[in-house]
Structure formats: C-alpha cells, structure tokens
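Let me begin by presenting the structure, written as structure tokens, before commenting on it.
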4 protein chains.
Amino acid sequence: MASQPTPQFHGVIPPVVTPRTADGRIDTASLTRLTKHLIEGGVHGLFVLGSSAEVPYLTNDERELVVTTIAGVNAGQVPLIVGACEQTTARVIEEGARMVRLGADALVVTSQFYAISDARETDTHFRSIHAALDVPLFAYDVPVRTHFKLPLDLLLQLGRDGVIAGVKDSSGDDVSFRQLSLGARGIDNFSIFTGHEVVVDGALLGGADGVVPGLGNVDPAGYRRLYDAAKSGDFLQAAAEQDRLADVFNIVYTPTPGRVSGGAGGLGAFKTALMLMGVIDTNVMSAPMVALNEPETAAIATILERNGLI
Amino acid sequence: MASQPTPQFHGVIPPVVTPRTADGRIDTASLTRLTKHLIEGGVHGLFVLGSSAEVPYLTNDERELVVTTIAGVNAGQVPLIVGACEQTTARVIEEGARMVRLGADALVVTSQFYAISDARETDTHFRSIHAALDVPLFAYDVPVRTHFKLPLDLLLQLGRDGVIAGVKDSSGDDVSFRQLSLGARGIDNFSIFTGHEVVVDGALLGGADGVVPGLGNVDPAGYRRLYDAAKSGDFLQAAAEQDRLADVFNIVYTPTPGRVSGGAGGLGAFKTALMLMGVIDTNVMSAPMVALNEPETAAIATILERNGLI
Amino acid sequence: MASQPTPQFHGVIPPVVTPRTADGRIDTASLTRLTKHLIEGGVHGLFVLGSSAEVPYLTNDERELVVTTIAGVNAGQVPLIVGACEQTTARVIEEGARMVRLGADALVVTSQFYAISDARETDTHFRSIHAALDVPLFAYDVPVRTHFKLPLDLLLQLGRDGVIAGVKDSSGDDVSFRQLSLGARGIDNFSIFTGHEVVVDGALLGGADGVVPGLGNVDPAGYRRLYDAAKSGDFLQAAAEQDRLADVFNIVYTPTPGRVSGGAGGLGAFKTALMLMGVIDTNVMSAPMVALNEPETAAIATILERNGLI
Amino acid sequence: MASQPTPQFHGVIPPVVTPRTADGRIDTASLTRLTKHLIEGGVHGLFVLGSSAEVPYLTNDERELVVTTIAGVNAGQVPLIVGACEQTTARVIEEGARMVRLGADALVVTSQFYAISDARETDTHFRSIHAALDVPLFAYDVPVRTHFKLPLDLLLQLGRDGVIAGVKDSSGDDVSFRQLSLGARGIDNFSIFTGHEVVVDGALLGGADGVVPGLGNVDPAGYRRLYDAAKSGDFLQAAAEQDRLADVFNIVYTPTPGRVSGGAGGLGAFKTALMLMGVIDTNVMSAPMVALNEPETAAIATILERNGLI
C-alpha cells in the first residue's frame, strides 16, 4: 500500500450517467438531482461524459448540455474530469478544447479507435494532445471498447514525462494494474484509478489512488465509506463494504442477453436503480439501446431492497 | 455467376485516398489530380471518406473540404458514395445529413463502434438512419475496425426491406460473402461489393456486383479490365489481370511493422505509389501516422516498375 | 490460374467423418460404406482424422480403429492423408509415427495448441517433425481451433525448404490464401488446398490445387464435377456447380445455436445428411457433442431434396 | 473476507516446473531438489503437471516420470493436485485415470480445447469426468490457452452439485473472480484459487482460499508469509509481502519478445531463477521453446539479488 503523498486527483470519482426524458431528450432536472446526490454522497470528483454517460451516443449538442448542467450544479465543489471521446488525435484535440471551455478541470482520453493504430502512434497521440491543451490529462485504458490495451511501459513513461496526470483503468487486467500501481509510486502527482466496482478494496490495498465506479451513481456513500476504511488501514472493514457493494453490483446481471446489449445492460441497471430510488425520472437509454423492462426492474428492486438502498 | 440485371451501383468504385501537403494540410491540388486519374481510369464510381481516405483522422472541416473538392472535379460524371464515419446512430445521422448536403449520392455506414452493441441494436441503427435520410445506404462490414461482424441474415433482411442498397464487405469472411452474394440474387437493386483487392476475380465469379479496391487508387484501369473481363465471362483473363494486381498489392507489405502501424502501412503504400507515379505530391499521412521512408519507398518503386506502372 | 505441372497431391480430398453406433462406439460398417461412397464419387484422396472426423474427441484406440478401417477399404486406391492431432512437437511426432505405421501416405499437422507459441517456435515445430518422420507433411492452418494463423512467409519458406509438401487452409483469410497460391507457383510439388466448401471455384481460379471439403462427404461427385470443370477452364460451369453446392451447404445453418455447439453443428449436419442418404446408420456425435434433433433433421432433408441428393 | 471454515484444499499450492537436463531429458535429480525446496518452503500442496510444468510439451512417458518422481519425494506430506491435460472428455478421463493410478489426490481439468465447444457441452464435460473418476476435481479456467472463459454461473452450479471441488482461476477477469469468491461462500468445501502471482493479497481479502503461483517455485516461503499474514487479518503486512513478490515477478518481463515466445518467457524466467539459486541444474526448456540467454539471465540475477533471493 502506498505511503506517498495523496495526489491532487484521488478518491471516489463516479462516472455520471445521463438521464433522459420519456421522449428521449437529456433530462436536466434529473441530471441536476443526480449531481447533488453524488456530491452529498461524499464523492471526491465527478467523471463527466464517460462511457457510463453513454458518451458515444450523445450528439455534440447533447454533450455540451450535459457538461454545462453538471458544472452549474457543482459550482466548483469538486473537480470535473471530462471525457473527450473522439476517434483520433486531431478530433480529440478539438473535442478536448471544447470541454475545457465548458469547464473541465481535467480530460480523460482513450487511445485512438476505429483507427488501426499501435504503441508508437499512441505515444504520439497523448503527447500531441498534451502539447495542444493546457490541462491535466488522464489516459483511459478500456480495451473492450478501443480494442487496444495501453502498454504498461508507455503509461509509466508518459507519467514520468508529465504528459499524463494519471490512468483510469478499465482493462480488466489486474496483473498489469498492480504493476502500474507499483510503478506509479515513484512519480509525483500521478493518479491510478480502477474502473472495476467490485475489486476496489484490493486495488486500494495495492496502492491505487481511487476508483471511478459506475455503481457509484447508485451508492456514492458506500464507496466513500470503502475508501475511507482503506485509507485508515482497516481493510477488513473495507472488504466488508466491498462485499456489500459486490452484491448490489448484481443488478448488472439482471438484463436478458439478446434483448439488451452488453453496453445497454450495465448502464440500464444503474439508471433503473436510480429511478427506483427516486433520483432520476426514467430509465430511458440513448437509442438504439433499449431500457430495462418490468421483470428486469423488479429484479433490481429486490437487490436494492436487500441492501437497504430502497 | 449472377445473370440478373446489373444494379444501379456496380463495378469499380475505389476509396479515394486523401493527399496532404508537406506541412500536413489537405492537398486539394493533388486530390484534384487523383480524382481525374481515377475517372480517366474508367471507374464506375468513387467511394469518398472511406477508411482509405483516413476518414477517422480527418476533422469535420477537413472532411467537408475533401468531399467538396472531389464533388467539384467529378461534376456528376460518376456516383459519389460517401462515408458517414461516426460512433453511433444519432451522430451518424448528423454526419450523413451533412454529407448529403455536400453532394453524396449514397452513404456508407458501419455498425456502431466504441459502443458495445449487438445485432438487435444494429438492426435499429440502420433502420433509423434510413428513416432519417432519404438516400441509398450501404452497410460497411469492417470488423477489423468496428469489432462487430454484420450478420448475414441481418444484411439480407435489411436488403429485402429496402433499408440498405447494398453491402461493402471488408470482413475477410469469404464463406459469408459467398452466401451473401447468393442471397442477394433475389433482391432487386441490391449491390454486393468486396473490399479485398486480390480476390476480385473469384468474388465476381461468385456473383458480386463490384469492388471497392484501395489499390484501385494506384491502378484503376487494371481493375476496370479485370471487371470487364469477368463481365464478358472470360475468367481466365480476369484471373490473369488479378494475378498481376496481386503482385502490385505486395506494396502493402513493404512497411516495417513496429515503425509503421497496420493502419498506416497499407494506406501509406498506396500514397507512396501515387507519389512515385506523379499523381500526388507527397506521401504524408494524417498524424500520428508516419509516412513510409526511403527504403520502403524504394521497395515500392521496384514493384511498380516490374508491373509497368512507373 | 496456375499452368504449372499438377503436384502429386491435388483434387478433391474430403475429410472423412466418423460414424458412431447408437450406443456411441465407432461404427466400422458405416465407415466402410462411407469410404466406398467417397471413392466411388471420384475423390482424389481421403483426409483421415481431420477436424471433420471429430479427431480431438477420439481416444487413441478409436483413432487407430478409424485409420485401419479406412485403409482396409481403400486398399491403396487413393492416397490417405492422415491428421496427427496433438498439442506440441514431441507429442505430434509420436502420434505421426503411429499414423505412418497404420498406413498414412502423408500427415497433416497444425501449429501447437494449448501451448502459447509464436512464429519462431512454429518454424522449429514443422522442421523437427519433418526431420523425425520420413513422410510428406501438410501444414494445416486452422486458427479457429489453434488460435494462431500460420504466417504466409513461414509457409512459403517451409515449402521452398522441402519441409512441407503443402498447406490445407481453413484460415478464412482469402487475401492471404491468394498470396499463398501465387507464391506456391514457384515451388515444385507444393500443394495448396482450401478447406472452405463454398469458395472452391474462386480458389481454383486463383491457382489452388484442390479442396478438402467437409461437405464432400455428402456430395463427393459434385465436388469432382466442380474440380473437373475448373481444370478444363470452364469457370462458368464450375461456378454453377459451386452455387448448387453452396445451397447444399445451408444444411450447416440448421442446428439451433445454444442447443448445439459450433463444433457439433456443421459436423452434425454432414452426418445427418449421410444418414438421410442411407450411407451411415446414425447421426450420433462424440460426447459431449449432441446430435441434431428431428426438426433440424427435417430441415436438412428439405435442403437435400431440393438439390436432388435424396 | 470469508469467515467460513477453511476447505480441505487451501493455501499456497505452486505449480511445479519441470527441470530438464542439458540434453533435454527430464532431470529427476533437479525435480527432487525442487520438490523438497517447495515443501520446506511451507507450501500447502503441489500442483503437478500444470501449465507451468510445460505439460502440453511432455510426452505421456515424461508425464508419468514427473508425477512418480514428485510423489516419491512428497511421500504424502502434502496433497498432490495433478493436471489431466487433454483435448476432450473421453481423452481427459483416460488421462485422469492414469494420474489417479500414479498418486493424484485431486485432478485439475480445463474445458475442452482444439474442439469448438460451448457452455452446455462444458457442463456435460465436467459431469462426465466426475462420474467416471472418484477423485476431487478442480476446474481450471485458463482462456488464454483454451480460448473459452468458464462461465461464473456454470462454476457455481457445478460446485453446488458436488461435481467440482474448486476452481483454479487464471482467467485474468478479476471482476468475475470476486463474484466467484462471493458465490463460493455458500458452498461447503469448495476452494477458490487464483493463479495470478501479484494480486494474491487482494484475492485473499476478497475471500479466495489460496493461490497457485508459478513464482511460488522461486519463493515458496514468501507466498507462505503472505498467506499467513492475510489469514491473521494483517493485510498491510500481506500487501508489503505482495509488493516484494511483485518486484520479483519482474523476472518474467526480461525475455526478449520475438526471440522467446509468450509461453516460454515466464516459465523460462522461473527456471532460470531456480538455476541461479542452485535448486535445479539448467534452464533448458521443452522443445521447441528456447531457454533464456545470458543477458536475460543476468537481468534475472539482478532482480533476485535486490530481493535477497541469491
């Protein structure tokens, strides 16, 4: 476990989901309530326009509306880390500049996608974005979407060179993540976040600086308790909280494969839970994703009830 | 081999590459010469803003400049089939509408990417785009980029329902392609194109309507001869032409892996060949892709020379 | 199309399926009838213990029984090319030596599997087997099973060095296959076979020497007609025969996914067709694979009837 | 963290590597020393003929020699869990019966490989083996070799039904592993082992019963200390031990990609370390794998020295 100084970006930073109205528009009233729910839950920051926000499905106008709504509610209370979700370097720079103008305190950027790229181009990619935009940059390692695993050596070198301020890891490669956490200890102000909701206790034990949990939309206070227990060295307490959250996480297994896509299932479960909790008004998804139906919603209600969330 | 009527879209429709100046801007003078080179080579249409155009690397302004330049030179001589390269349905519709305004005669659309989608959502995806845009729509099957193979049954159903006007297949699944060609025979005005440069004789023998060959930038007349031989039933002549083109295609194996990415290698070879032939001014690639170097260029010159192209 | 001398191994060489009795034993009577059916259909050779024989499911005793049964019926009429299906080099050599003792005229060998290997080890693998066993060796490229694509350059080098006598390609990479066919022209007595049943006309047009069609169990005479038409230069006739066989191939799409695995579906369809044709007694599969059921069998009967096979 | 009774199989159970002599034979003298080294290091059991033993590369005679050598040295001191590495159900049963005759206390079995299988067949696979062999059965989840991830629901159902006595997880899917650990709590005498050397502290925190660490060949006592610290609830101490072992694990990154395959690199590093420590005589690998060379050996020596292992 790291004993080095806590970096600027750390703790629980949930990726805010994007509520929609029954007719499919961005629901700013629900988004306002959700933002307050998260801040009141004790989160250390907000990850805006992440995969959990359905960012690839949002038009540019919708992306702007989401960022400005959250920034207005937040009013500087916690840092806003904003995704610049575009295909390649030049397009990321344009999107990132727009997000900075809208209030981003930091940017989250993946490797190029749709493009057929490699490690050398990815190195240039991050360095070019850093040179073009004067803002902390997080590398987002999400091979299930980009189909390219960010190499460990590349991430550490970009950290040492001050190109990136940290990594959000959703790679599912826990061996590489541990080596990343170890390597990060020698780099000042370099933050390592896991995106995997059910292994946060182990990640913090291994030296991670925080977590970006989609499930944190549903139970931000639970993740805050987990984080605080770990930071105080009480890992048995952290594990107990993690076990409870791992049970809540079972909501993502309720959607029927075939009827609901892999992308829509987990996010739809988070939205459905938030709807059942009264935080947002609907569980409508961005088209062409379909919302969870009544039986799936009932299954989620059962899980929330046994965990005291409704 | 199909004996049904030739559909509206057919023949040799190369994906036009995007020349850049030495300092990285779109080179409209070179693009003008290239467009003329293709039309004079006897192509039946132009595929604009395809993967070979480096479309994911182009900013929106650059995409507009490319389409308007080609449309201006073409002046209606051949159909312009234009790619609307965006992540999800809503974004494709916005991009597609823009391309239609700029002069597209038809659109080429992939399944969603970066998104984690499935067959059901993909069906909705194409139907929603078709409903929103009054223009022939081609499905582009390119799993090496989208990481989703368009299912055979889905493509044929979308064809029968008039949602798509055809398929551009770059899936590398020749078994599925043959079944697609067979299934397409019962559907009016439904065009099947292969994107694989070196199997065009066999594809036409199996009933394909045409080819979208990246290598067609380099030797459009060769592909026209191949197509004409096949259409006249002289497959031994078609195969001889194909064998020659397969040798020219060896230019894509000249770049050094590790130095040049998979995405940059093939396209870089086409651009380098066009530069050596005097059609375009440079072989500069969109950043962060690197251009082929001198030894790679020399290797390409050797291949072009032995095939009489320079 | 190749005009070079026909190599020793060429033509239609079906991978013989393995009939079982109702209680799951090897059905040597059915296997005897099947072997006669194939030889009478005009095949140029028999591929014994291939994937279509369910070779990974057979115990060593069963493998011996299959080879000796076929060898006894064949009695030297056509060459027997026998699979040596084992995990790594040393085990392949033991298995290959056993097959040679049982009557194999040539061996078919994949790259190592379960092992995590690479190109360099694969080169050593084939050279070691060649050095240990004095028999023609075919490289079997089947990445859907081995999860390793045999590199084009490696195959051609092994051919030039006399290590392998040819390639059986089930890689589904038609671009690489064309380049392989072209490269093979300069190598004496080096045979290129496609394993894909529905693209044989195009493969022969591109210079392939033959085909190893699972569907050839069902209609060996059809593949013989296809091959003869192509060899005589009548590719329109070859394509017509191929189109008919591609329709017969639709039997492999009748099994229900989920109920029947990908491995069991295609092979189960071939066995079910042979049962309906009276060539073998049951469509029982090696456990744990399940046999096709009544509705699936009925669907296959429909396809066979419309193609005049029953 | 689990507070349930410790199951029969638990703790540190390293997969014993297979030493070879300079001329490539099994080195029983070295294997004897290695077995003593592990037992003296305090391991709770030995995993014989695992991937780390190069089991796919061993002939049947070699497999027998390895098992009998280890069983002779062990003389019943710790349980022997033995791999039955074969392609499909019937072949696994034959191999498993042989291993039981040679002294296996439990068997480790993967899903079928080379075969193209599915969840339903895999269920039958494990149930058939359990019915045929009266011995505890562990499911080995190693998709990097089998290319099939064992589904969470299937594993838990097989555990509840008494078909399997536990799981050895080398899937690299830490989310699924946590859910497996949680699900296992309700099942008597069902053991969950991680195969990933650098995340053992987090795995034990999440309720795992033990670890099967390849690196445990090199430092069995270190893994024993890690396990004991975790079991006593001192996770900060466990993490400190894990951090040290994660640094030792860097030996697996010393081999040069291209020269040494992915399969040979990690195992070659373990063998080279054991050679440097004087436990075994050579770092020779099963052909066609190559041994680490002098520079790679020197790099490993540096890592061992800074961790006090030589």
- Query: residue C:290's amide H: which non-local residues (gap 5+, or another chain) put their own amide H closer than 5 Å, with H modeled 1.01 Å from N in plane and none for Pro or chain starts?
  - Reply: C:261
- Only bridges with both residues in the protein assembly as shown count here: give the DSSP antiparallel percent, nearest 5. 5
- Applied in sequence order to segment B:91-106, the curve 6.51 cos²θ - 1.76 cosθ + 1.60 (Karplus, θ = phi - 60°) yields integer Hz couplings, x standing for Gly and Pro, of 6, 5, 4, 4, 5, x, 4, 4, 5, 5, 4, 7, x, 5, 8, 7
- Query: Going down the list B:36/B:271; B:231/C:168; A:168/B:149; A:149/D:231, which pairs span over 27 Å between their C-alpha atoms?
  - Reply: B:231/C:168; A:168/B:149; A:149/D:231
- Message: If you restrict to DSSP beta bridges whose two residues both lie in chain B, what percentage is antiparallel, to the nearest 5?
- Response: 5
- Note on the structure: Treating every alpha carbon of the protein assembly as shown as one equal point scatterer without solvent, the Debye formula yields log10 I(q)/I(0) values at q = 0.05 Å⁻¹ of -0.36
- Query: Relative to the compact globular guide of 2.2 N^0.38 Å, what is the alpha carbon radius of gyration of chain D, as a ratio?
  - Reply: 0.94
- Query: How far apart are the residue D:76 label points across copies, placing each 7 Å from Cα toward Cβ, in nm, shortest first?
  - Reply: 6.0, 7.7, 9.7
- Under 5 Å from the placed amide H of residue B:191, counting only residues 5+ away or on other chains, we find B:166, B:167
- Could you work out the relative contact order of chain D, using alpha carbon pairs under 8 angstrom and six or more residues apart, expressed as a whole percent? 20
- Task: Would you give the gap between the C-alpha center of segment D:1-63 and the C-alpha center of segment B:61-85, rounded to a whole Å?
- Result: 65
- Message: I'd like the mean, over residues of A:245-252, of how many other protein chain beta carbons sit within 10 Å of each residue's own Cβ.
- Response: 2
- Note on the structure: If each part is reduced to its alpha-carbon centroid, segment C:108-153 and segment A:270-289 end up apart, in Å, by 52
- Message: Within 10 Å of each Cβ in B:62-72, how many Cβ atoms from other chains are there, averaged over the peptide?
- Response: 0
- If you put a point 7 Å past Cα along the Cβ direction, how far is that point for residue C:131 from the same point in each other copy, in nm, smallest first? 4.6, 5.1, 6.7
- With x for Gly and Pro, the residue-by-residue ³J(HN,Hα) of segment A:74-82, computed from phi through the Karplus equation 6.51 cos²θ - 1.76 cosθ + 1.60 at θ = phi - 60° and given in whole Hz, is 5, 6, x, 5, 10, x, 9, 9, 10
- Shielding of C:102-115 by other chains, given as the mean Cβ count within 10 Å, works out to 3
- According to a simple spin-label model (label point 7 Å from Cα along Cα-to-Cβ), what is the distance in nm between residue D:59 and residue B:161? 6.1
- Query: With all protein chains present, how much of the accessible area of segment B:186-310 (probe radius 1.4 Å) comes from carbon and sulfur, to the nearest whole percent?
  - Reply: 53
- ³J(HN,Hα) computed for each position of segment A:296-310 - Karplus, 6.51 cos²θ - 1.76 cosθ + 1.60, integer Hz, glycine/proline x: 5, 5, 5, 5, 5, 4, 4, 5, 5, 5, 5, 9, x, 8, 9
- Message: If the elastic network links every pair of Cα atoms under 10 Å, which of D:236, D:34, D:158 fluctuates the most in the Gaussian network model of chain D?
- Response: D:236
- Task: Determine which chain D residue has its Cβ at minimum distance from the rotation axis mapping D onto C, giving the value in whole Å.
- Result: D:147, 3
- At what distance in nm do the modelled label points of residue B:29 and residue C:293 sit from each other, each positioned 7 Å from its Cα along Cα→Cβ? 7.1
- Message: Pairs of alpha-carbon atoms within less than 8 angstrom and 6+ residues apart define the contacts here; what relative contact order does segment A:1-68 have, in percent?
- Response: 40
- Message: Which of rounded, prolate or oblate describes segment B:67-211 when judged by the alpha-carbon gyration tensor and an a/c cut-off of 1.5?
- Response: oblate
- Determine one quarter of the surface area of the Cα convex hull of segment C:176-302, which equals its mean projected area, and express it in nm² to one decimal. 9.0
- In deg cm²/dmol and to the nearest 500, what is the mean residue ellipticity at 222 nm of the protein assembly as shown if only DSSP H runs of at least 4 residues count, each as -39500 (n - 2.57), divided by the residue total? -14000 deg cm²/dmol
- Over segment A:7-125, what number does the Rg to Rh ratio reach, with both radii from the alpha-carbon atoms and Rh per Kirkwood? 0.99
- Note on the structure: Rg from C-alpha atoms of segment A:20-59, normalised by the globular rule of thumb 2.2 N^0.38 Å, equals 1.27
- If you average 1/r over every pair of different alpha-carbon atoms in segment A:187-241 and take one over that average, what Kirkwood value in Å do you get? 11.2
- Note on the structure: Note to self: C-alpha centroids of segment B:240-257 and segment B:176-203 sit apart, in Å, by 22
- For segment C:1-48, run through the trypsin sites (Lys or Arg not before Pro) and keep only the ones in DSSP coil with at most 16 other Cβ atoms within 10 Å of their Cβ. C:25
- Message: If you split all Cα-Cα distances of segment A:133-192 into 10 Å bins from zero, what percentages do you get per bin, shortest first?
- Response: 24, 57, 18, 0
- Query: Given the options B:171, B:181, B:117, which has the most mean-square fluctuation in a GNM of chain B, springs set between C-alpha atoms less than 10 angstrom apart?
  - Reply: B:117
- Item | Ascending list, in nanometres, of distances separating the residue B:61 label from those of the other copies (7 Å, Cα toward Cβ) | 2.3, 7.5, 7.8
- Nitroxide proxy distance, nm - points 7 Å out along Cα→Cβ at residue A:306 and residue D:189: 2.6
- Message: Let's see if you can work this out: charge +1 on each Lys and Arg Cβ, -1 on each Asp and Glu Cβ, no other charges. What is the dipole magnitude of the protein assembly as shown about its Cα centre, in debye to the nearest 20?
- Response: 0
- Task: Mind telling me which of C:287, C:208, C:273 comes out most flexible in a GNM of chain C, alpha-carbon contacts under 10 Å?
- Result: C:287
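The values are calculated or read from the model by the stated rules, or taken from the named source; none is laboratory data. It should be emphasised that the depicted structure is a prediction, and the values quoted were computed from it without experimental measurement. Heads up, the Cβs are rebuilt from the backbone with ideal geometry, glycines too, and the neighbour counts pull from every protein chain shown. Heavy atoms of the whole protein, side chains included, go into the accessibility calculation; ligands, DNA and RNA do not. Shrake-Rupley method; radii C 1.70, N 1.55, O 1.52, S 1.80 Å.
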